[in-house]
Amino acid sequence: MGAIAFTDQAFMVFPMTFKLAVLISPLLQIFYSNSFIPFVTFFTLFLAVVRNTKLEHFVRYNTMQAILLDICVMLAGLIMQYLPMYITVSVIGDMMEIFTLINALFAIGYCMWNCLKGQYPEIPIITEAVYAQVRDQ
């Protein structure tokens, strides 16, 4: 969900992405209608799925990986917010937005592809953090 913040420039460069945004806009309106919904969603997923040892390791692993990928995208958004204005409104800022969006979409696609194949998606650094959180007790 955090990658949506980087779609402004993508709509101009890739007009087909706007159609996708229109399709999921009702879900986004519900998700962002209250500032506590993302917060509650995070803790619900973390406590009810990641920490629940009764669920399969594969489900818990991929849930934690999705949470960490979302955190990485949010960090990129925070970095963009605190960059000087002359960088964010320039071509460099536009390229940074598109780069972040493409990387986020690639990571999501890579993870989905591996999940469909029944394999664990391995993303450096993220995977190590996931294994630190998802442990069988």
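The values are calculated or read from the model by the stated rules, or taken from the named source; none is laboratory data. A quick note: this is a predicted structure, and the numbers were derived from the prediction, not measured. When we count neighbours, we look across all protein chains shown, and the Cβ atoms used for this are built from the backbone with ideal geometry, even at glycine. Side chains are part of the model used for accessible areas, which takes the heavy atoms of the whole protein and leaves out ligands, DNA and RNA. Shrake-Rupley method; radii C 1.70, N 1.55, O 1.52, S 1.80 Å.
Restricted to the range 119-137, and to residues that are closer than 15 Å to Val59 by Cα and among the charged types (D, E, K, R), which residue is surrounded by the fewest Cβ atoms within 10 Å (Cβ to Cβ)?
By that ranking, first place goes to Asp136.
Leu105 - would you say it is within 12 Å of the chain's Cα centre (by Cα), open to solvent by less than 50 Å² (accessible area, probe 1.4 Å) and modelled with pLDDT under 90?
Answer is no for this residue.
Just need a number here: residues in the range 110-137 that are in a loop (DSSP other than H, G, I, E, B) and among the acidic types (Asp, Glu).
2
Here is a yes/no grid of residues against (1) polar (S, T, N, Q); (2) open to solvent by 50 Å² or more (accessible area, probe 1.4 Å); (3) closer than 16 Å to Gln133 by Cα; (4) touching a helix residue (DSSP H, G or I) at 6+ places or on another chain (Cβ under 9 Å):
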| residue | (1), (2), (3), (4) |
| --- | --- |
| Ile24 | no, yes, no, yes |
| Leu27 | no, yes, no, no |
| Ser35 | yes, yes, no, no |
| Met64 | no, no, yes, yes |
| Met80 | no, no, no, yes |
| Ser90 | yes, no, no, no |
| Met96 | no, yes, no, yes |
| Thr100 | yes, no, no, yes |
| Lys117 | no, yes, no, no |
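Filter the range 44-54 down to residues that are out of contact with any helix residue (DSSP H, G or I) (no Cβ under 6 Å at 6 or more places or on another chain) and free of Cβ contacts under 8 Å to residues at least 24 places away in the same chain and give me whichever is most open to solvent (accessible area, probe 1.4 Å).
If we take residues in the range 44-54 being out of contact with any helix residue (DSSP H, G or I) (no Cβ under 6 Å at 6 or more places or on another chain) and free of Cβ contacts under 8 Å to residues at least 24 places away in the same chain, then Lys54 is most open to solvent (accessible area, probe 1.4 Å).
For the range 119-137, which residues satisfy the criterion of being farther than 16 Å from Val50 by Cα and either of a type in the set (Ser, Thr, Tyr) or without any contact (Cβ under 8 Å) to a residue 12 or more places away in the chain (or both)?
Gln119, Glu122, Pro124, Ile125
Mind listing whichever residues of the range 15-40 are within 16 Å of Met74 (Cβ to Cβ) and assigned to a loop (DSSP other than H, G, I, E, B)?
Those that are within 16 Å of Met74 (Cβ to Cβ) and assigned to a loop (DSSP other than H, G, I, E, B): Tyr32, Ser35.
Hey, could you check the range 113-137 for residues that are among the polar types (S, T, N, Q) and under 10 Å from Leu68 (Cβ atoms) and say which is farthest from the chain's Cα centre (by Cα)?
By that ranking, first place goes to Gln133.
Between residues in the range 13-32 that are within 21 Å of Ile102 (Cα to Cα) and residues that are among the aromatic types (Phe, Trp, Tyr) and open to solvent by less than 80 Å² (accessible area, probe 1.4 Å), which pairs lie under 8 Å by C-beta distance while being six or more apart or on different chains?
Short answer, once both residue conditions are applied: Thr17/Phe11; Phe18/Phe11; Ala21/Phe11.
Would you be able to say whether some residue in the range 52-59 is touching a Ser or Thr at 6+ places or on another chain (Cβ under 9 Å) and either modelled with pLDDT of 90 or more or of a type outside the set (Phe, Trp, Tyr) (or both)?
yes
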